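What follows is a set of notes on a single structure, which appears directly below.
The values are calculated or read from the model by the stated rules, or taken from the named source; none is laboratory data. These numbers were taken from a predicted model, which means no experiment stands behind them. Reconstructed Cβ throughout: ideal geometry from the backbone, glycine too, with neighbour counts over all protein chains shown. Just the protein is used for accessible areas: all its heavy atoms, side chains included, with ligands, DNA and RNA removed. Shrake-Rupley method; radii C 1.70, N 1.55, O 1.52, S 1.80 Å.
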Amino acid sequence: MALYVKAADILEKAERKQGALKTLVYDSKFSNIKQLFALVCETQKFSSVLLEIIEHTKLLKQTRLSPHLAMVLVYDLLIGQGLKCGGSWKVMMMKHRARLQAALARIKVKQKVSRNEDLLPADVLNPAGEHLPRYVRVNTLKTTVEDVGVYLKRDGFTFQGNASRLEDLTLKENHFVRDMHLPELLVLAPKTDFHDHFLYKGGHIILQDKASCLPAYLLNPPPGCHVIDACAAPGNKTSHLAAIMKNKGKLFAFDLDAKRLSTMSTLLLRAGVTCHQLAHQDFLKVESDGAQYKDVEYILLDPSCSGSGMVCLRDSTSAKQEKEQARLASLASFQLRCLNHALRFPRLKRLVYSTCSIHRQENEDVIGACLQQNPGFRLVPLLAQWPERGLEPFTQCLRASIATTRTHGFFVALLEKHSEAVNTTQEAVEISGPEATTTHSPHACEEKPEDPESEDEQTPAADVMPCRQTASAPGKKRKRKRKNKTTTTVAAAVPAAAAAAAVAVVAVVAAAVPAVVAAAAAGPAVVAAVPPAE
């Protein structure tokens with residue numbers, strides 16, 4: 001009984017992406033970890049077949065079981081080694097066994113196979129991420145890379161030096177290297193298991209994919225500053241931020257899911273994080289002008305996304321294209337709202353936006369729409385040596401993939417407040433005001449630019465208006481009036497031309513992201529999403 005309840009709970013958490021499957025199993029403290037892990041893995045492997053059987057027999061309606069609990073019970077009854085429970089549950093499942101077996105037999109006949117294993121899709125039999133390296137982030141709040149290396153050598157591992165190219169990440173068993181991009185990341189052979197290792201249990205190392213380490217590393221908040229992790233759970237990125245900050249300053253972490261926050265609290269405690277403040281709150285409802293957030297200068301935003309970059313979450317079923325596009329549009333609308341809200345914090349300097357999605361609609365299109373609506377921010381070019389860039393024209397951003405970077409699929413963008421653009425805007429406003437005409441230097445009259453194309457950033461009207469203050473000879477009134485009329489015409493024409501050009505630029509950007517902008521304008525959407533991965 002306890003085995004199936006715990007297995008169902010882990011499958012539900014994995015589906016909601018509250019952690020990797022193995023991590024969730026080992027963190028469950030179940031008495032028989034191997035038995036639980038085997039049941040969870042096999043049930044997940046056959047999930048598409050099991051769901052088809054459950055739906056065909058209407059098992060949920062007749063038994064009122066939860067979907068995940070029904071899956072583990074049906075797996076053990078039909079495919080596994082038989083039910084390992086007694087009492088009312090066994091009586092109930094045995095009552096429906098004949099219908100469940102008949103449904104499984106029909107599926108086999110339909111697909112013309114005889115073995116249960118032959119029902120599995122090709123990507124389940126040979127998963128794409130099967131040969132991804134094991135990445136281990138050293139938690140510098142508790143130890144150093146050098147000390148972890150010493151412990152690994154004592155355990156029989158061989159250090160191969162610092163990696164310098166992608167091929168160096170192809171490692172033999174019990175060999176490890178230091179990553180070439182992230183100095184606190186160690187790389188080991190695929191499937192190297194650390195869940196029982198004292199370094200993991202003590203919080204000295206964090207099992208985290210390399211791509212998932214990029215957001216905090218690139219945001220790089222200095223010690224003592226105020227930082228927001230907007231969609232924080234399950235907490236690996238939060239612990240990474242705290243390590244970079246050396247536990248000095250304030251780290252505000254928000255998440256709407258209470259269970260995820262509970263798991264996150266345990267993880268942060270194990271990692272030795274003390275500078276954080278957890279809040280069970282929707283980030284979109286956080287007041288950007290609140291007194292406690294007045295000093296926030298850095299934000300990490302990793303919102304809910306499709307999870308299409310995560311190997312373990314890739315859907316092998318052929319969902320209707322229209323339904324998938326509608327879901328992506330809702331997600332992109334939600335992501336853009338989060339991004340726009342984050343940029344409203346008054347003292348914000350830098351923001352990292354990341355997703356574990358491979359879809360342009362959730363990545364470059366969201367960034368494009370955001371830049372259009374927030375001209376005071378610009379993209380910062382990231383890691384020139386990184387092998388995969390954002391799609392044109394957003395090559396300042398990073399992408400990650402199994403083939404190119406030996407990681408899960410990922411996207412990262414860094415936005416920075418463009419102080420020059422802000423100052424230019426403020427200066428233009430001041431110059432065009434009535435008070436500015438009396439304080440502007442009269443030497444501007446000497447330039448008199450007539451061709452607006454010859455000016456880069458200066459407003460031509462600002463140079464013309466002071467001339468009306470300096471031409472004061474009594475004998476030249478008529479000539480002055482004609483001159484004022486000419487210059488006024490130029491002054492009126494130039495802003496109009498500039499405005500037309502600006503509209504054209506906005507139209508080009510808007511054309512690239514119409515779906516995102518339209519969805520965002522429509523207001524809040526109900527999003528069925530996979531939360532961000534760690």
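Summary of values
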item	result
Rounded accessible area per residue of the stretch 1-79, 1.4 Å, Å²	46 Å²
Shape call, the stretch 192-320: gyration tensor on alpha carbons, a/c limit 1.5	oblate
HN-Hα J in Hz across the stretch 261-275 - Karplus 6.51, -1.76, 1.60, θ = phi - 60°, x for Gly and Pro	5, 5, 4, 5, 4, 5, 4, 5, 5, 5, 7, x, 7, 10, 8
Carbon and sulfur %, accessible surface of the stretch 224-311 computed with the full protein complex present, 1.4 Å	50 percent
Rounded to whole Hz, the Karplus (6.51, -1.76, 1.60) HN-Hα couplings of the stretch 104-109, x for glycine and proline	5, 5, 5, 5, 5, 5
Amide H contacts of Met180 (H built 1.01 Å from N, under 5 Å, at least 5 apart or other chain)	Ala163
From phi via Karplus (6.51, -1.76, 1.60), per-residue ³J(HN,Hα) for the stretch 47-54 in Hz, x at Gly/Pro	4, 5, 5, 5, 5, 5, 5, 4
Solvent-accessible heavy-atom area per residue, rounded to whole Å², over the stretch 246-309 at 1.4 Å	44 Å²
Estimated FRET transfer efficiency when R0 is 51 angstrom, pair Cys225-Ser31 (beta carbons, to 0.05)	0.70
Label-reachable residues, the stretch 160-186, where backbone N falls under 19 Å from a point 7 Å from Val145's Cα toward its Cβ	160-171, 175-186
Interchain or long-range residues, amide H under 5 Å from Arg389's placed H	Arg399
In the stretch 126-203, the GluC sites (Glu not before Pro) that fall in loop regions by DSSP, at most 14 other Cβ within 10 Å	Glu173
Of all accessible heavy-atom area on the stretch 1-47, the percent that carbon and sulfur account for (1.4 Å)	54 percent
Accessible-area order (highest first, 1.4 angstrom probe) of the listed residues Lys29, Lys90, Lys294	Lys29, Lys294, Lys90
Violating pairs (Cα-Cα greater than 24 angstrom) within the set Lys110/Lys323; Lys13/Lys108; Lys6/Lys259	Lys110/Lys323; Lys13/Lys108
Of all accessible heavy-atom area on the stretch 154-201, the percent that carbon and sulfur account for (1.4 Å)	45 percent
Nitroxide proxy distance, nm - points 7 Å out along Cα→Cβ at Ser48 and Glu117	1.8 nm
For Gly309, distant residues with modelled amide H under 5 Å away	Ser357, Ile358
